[in-house]
Amino acid sequence: MSDYDAVVIGAGNGGLTAALTLAKKGKSVLLLERHNIPGGCATSFIRGRFEFEVALHQLSSLGSPENPGPLRMMLDNLGIMEMLEIVTTDTMYNIVMPGRFDLALPSDRVASQEVLKARFPREKEAIDKYFDLVFELCMQWVNIDVLKDPEASREKYPLFYHYRFKDASSVLDEFFTDPELKLVVGIYWMYLGMPPSRLAFFDLALVFFILLVYDPAHIKGGSQALSNAIIEKYLEHGGTVRFNCGVEKIVISNNKVAGVITDDGSEITCDAVISNASPITTYFDMIDPEYVPPEELRILGTRTIGTSAFTVYIGLDCEPEEVGIRYGANFLCTSTDMEHHFDLMKTMQPPGAALFECYDVVDRDFSPPGACQIAYVAMQYADPWYDIPPQRYADAKYAYAQGMLDLAEKAFPGCRDHIEEIELASPFTHLRYLGHPGGAIYGAEQSPKDCNLMIDPISRIKGLSFVGAWSTTGGFHPTLASGVTVARTIPDLKGVMS
Ligand SMILES: Cc1cc2nc3c(=O)[nH]c(=O)nc-3n(C[C@H](O)[C@H](O)[C@H](O)COP(=O)(O)OP(=O)(O)OC[C@H]3O[C@@H](n4cnc5c(N)ncnc54)[C@H](O)[C@@H]3O)c2cc1C
């Protein structure tokens, strides 16, 4: 008899919902997290009088009680929704190219189209047609779930087949001529970490559609409040959790999971292991090579490690309006060339585009009275950081942050003079805290080659499965959903418990 039915490695979004789903089903579950708090990316930290949000800028797919999105329904089922307080905003995002333009898109289809048509009158018809396409394509996906239709064919779903893997760049070119317009409707490429030329149009359309239909949301208390709520519910259902307790090894016997060995050398037996760590770390560091199926290694060899991020966490000693910040999510861009912005993500040069998220515009209580906080994020790969010797690491971090602050100062003059607290996180910071190769925050690259349709979260080693960004796609909704889906479908656990 094993110590536990299942051990979950890692308390990121995917690990948390997997552990809770299993505990709710009456399984005995041990959740092991190397950090001292739950959440992975979904955490906060304190500097001075600010509690900084690490990762959540815009929560998608939540919707309202009247218009519930898939994430709300899932969190409701888990008993989590009632533990959270949500605030929403009616602005999807503001996009600023200092000295050139500044445009805010409302999170409403008709209002958004009107804003775009007023700014780009020569492309009025194309704007309407583009929105029609986005909505028709995504509604087809939401209502029909093409993948579950055994008779799905190109004839039956022509739109889906035509656009599922078509690149976003060619679709934007097909509809629009003005590069500013392409940038404005294509800016969510940054949430997916792939330039339009390598991004499936469908993925771009889906993010745009979801945030337009369900309004971007924030959680009072930030993403840490969500992670804490899931842990609380998990404990209520009899789950066990250990923090400061990483998993070093997964024990395999007869091509089946037999248990885990923790960093402090304790051996725990179990029938299933769910890993929120990357498959790369899981197969290469945690499992002895003779037990790793060659097919898993072959699949890993086809995948590309995705982007990490460089974040400047800023506490300002003033209200947002004092320095001209009127919207929560602000994409700051130096040009309209999104492909060039992506290329810069692999260098130490200042970014071409970055997200400047001021939480207090949407939630007045987010920071202490009279203050506000900003998470200022540039997508960046870890690659260039490997070339920097340790003694130059701090200087390199400050130099990169200065480049970002120069851009912020152009968009919000005077904001630099109001900085009370500042903290930096490089791709190496994410690598250190998450343990993922390259400090990847969305798992593998989100190109069609590596998209979730190509990934099987159930390993060829019996009893082992994966949750989180590496097993689906990055972002809060997909990773939270992956834990629930995988926990419900683990074949070996069903066998164990039936
Ligand atoms: C700066 C930033 C901004 C972001 N902005 C947004 C946003 O606005 N909207 C959005 O939807 N998404 C955003 N994301 C992405 C989103 O946060 C992530 O994709 C998601 O949270 C990842 O969840 P996950 O389940 O993959 O687990 P992760 O968060 O990757 O956590 C993995 C956990 O596993 C633990 N672990 C790893 N190895 C071991 C081991 N051997 N033993 C024990 N524990 C281990 C780690 O300590 C960690 O806690 C952002 C991320 C970052 C960093």
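Coordinate-derived values only; no laboratory data. Quantities reported herein were computed from a predicted structural model and do not represent experimental measurements. FYI the Cβ positions are ideal-geometry reconstructions off the backbone, even for glycines, and counts take in every protein chain you see.
Remarks
- Across the options Tyr386, Pro195, Met454, the greatest Cα extent toward the positive end of the charge dipole of the chain (unit charges at beta carbon of Lys, Arg, Asp, Glu) belongs to Met454.
- Loop-resident sites, region 54-136, for trypsin sites (Lys or Arg not before Pro), counting at most 13 other Cβ within 10 Å (DSSP): Arg100
- Across region 101-224, C-alpha contacts under 8 Å between residues 6 or more apart give a mean separation that, scaled by the residue count, equals a relative contact order of 30 percent.
- Sorted fewest first by neighbouring Cβ atoms within 10 angstrom, Ile441, Ile458 come out as Ile458, Ile441.
- Extending 7 Å from the Cα toward the beta-carbon at both Lys25 and Glu322 defines two label points whose distance is 5.3 nm.
- Charge dipole (Cα centre; +1 on Lys/Arg Cβ, -1 on Asp/Glu Cβ; no other charges) of region 307-434 amounts to roughly 400 debye.
- Positive-end extreme of charge dipole, the chain - chosen from Ala111, Tyr313, Leu297 (charges on Cβ): Leu297
- Extension gain, Glu232 back to Arg416 (0.36 nm per residue minus Cα-Cα distance, nm): 62.3 nm
- Cut-off of 10 Å, at most 15 other beta carbons, DSSP loop: longest stretch of the chain lacking such GluC sites (Glu not before Pro): 156-498
- Our summary gives the chain a relative contact order of 24 percent, counting only alpha carbon pairs under 8 angstrom and 6 or more residues apart.
- The ellipsoid equivalent to the alpha-carbon distribution of region 409-479 has semi-axes of 36, 15, 10 angstrom, derived from the gyration tensor eigenvalues as √(5λ) and listed largest first.
- For region 307-434, relative contact order (Cα pairs under 8 Å, six or more residues apart, normalised by length) works out to 41 percent.
- C-alpha center-to-center spacing [region 1-64, region 139-192] in angstrom: 32 Å
- Pairwise FRET efficiency - Gln402 versus Lys220, Cβ, R0 = 30 Å, nearest 0.05: 0.35
- DSSP bridge analysis restricted to the chain gives an antiparallel fraction near 70%, rounded to the nearest 5.
- Each Lys and Arg Cβ is given +1 and each Asp and Glu Cβ -1; about its Cα centre, the chain then shows a dipole of about 940 debye.
- Restraint check, Lys117/Lys166; Lys24/Lys249; Lys346/Lys449; Lys124/Lys156; Lys27/Lys233, Cα-Cα greater than 23 Å: Lys117/Lys166; Lys24/Lys249; Lys124/Lys156
- Of every Cα-Cα pair in the chain, the percent that sits beyond 41 Å: 17 percent
- Treating r as the C-beta distance of Met348 and Phe284 and R0 as 30 Å, the FRET efficiency rounds to 0.60.
- Estimated D of region 108-214 in µm² per second, where Rh is the Kirkwood radius over Cα pairs and Stokes-Einstein applies at 25 °C, 0.890 mPa s: 171 µm²/s
- Residues whose amide H falls under 5 Å from that of Val241, counting only those 5 or more places apart or on a different chain, are Leu31, with hydrogens built in the peptide plane.
- In a reduced charge model with +1 at each Lys and Arg Cβ and -1 at each Asp and Glu Cβ, region 108-214 shows a dipole moment near 140 debye about its Cα centre.
- Estimated from helical segments only, the mean residue ellipticity of the chain at 222 nm is -10500 deg cm²/dmol, where each DSSP H run of four or more residues counts as -39500 (n - 2.57).
- Across the options Gly10, Phe176, Cys415, the greatest Cα extent toward the positive end of the charge dipole of the chain (unit charges at beta carbon of Lys, Arg, Asp, Glu) belongs to Gly10.
- Extension gain for Ser335-Asn67 works out to 92.8 nm (0.36 nm per residue, less the C-alpha to C-alpha distance).
- Placing R0 at 45 angstrom, the Cβ-Cβ distance between Asp132 and Ile46 gives a FRET efficiency of 0.45 after rounding to 0.05.
- Distribution of pairwise C-alpha distances over region 370-498, 10 Å bins, in %: 10, 29, 26, 20, 10, 4, 0
- Label zone at Ala394, where the point sits 7 Å out along the Cα-to-Cβ direction: region 414-428 residues whose backbone N lies under 11 Å: none
- The slack between Lys449 and Lys148, meaning 0.36 nm per residue of separation minus the straight C-alpha distance, is 106.3 nm.
- Region 307-434: translational diffusion in µm²/s, Stokes-Einstein, Kirkwood Rh over Cα pairs, 10 °C, 1.306 mPa s: 105 µm²/s
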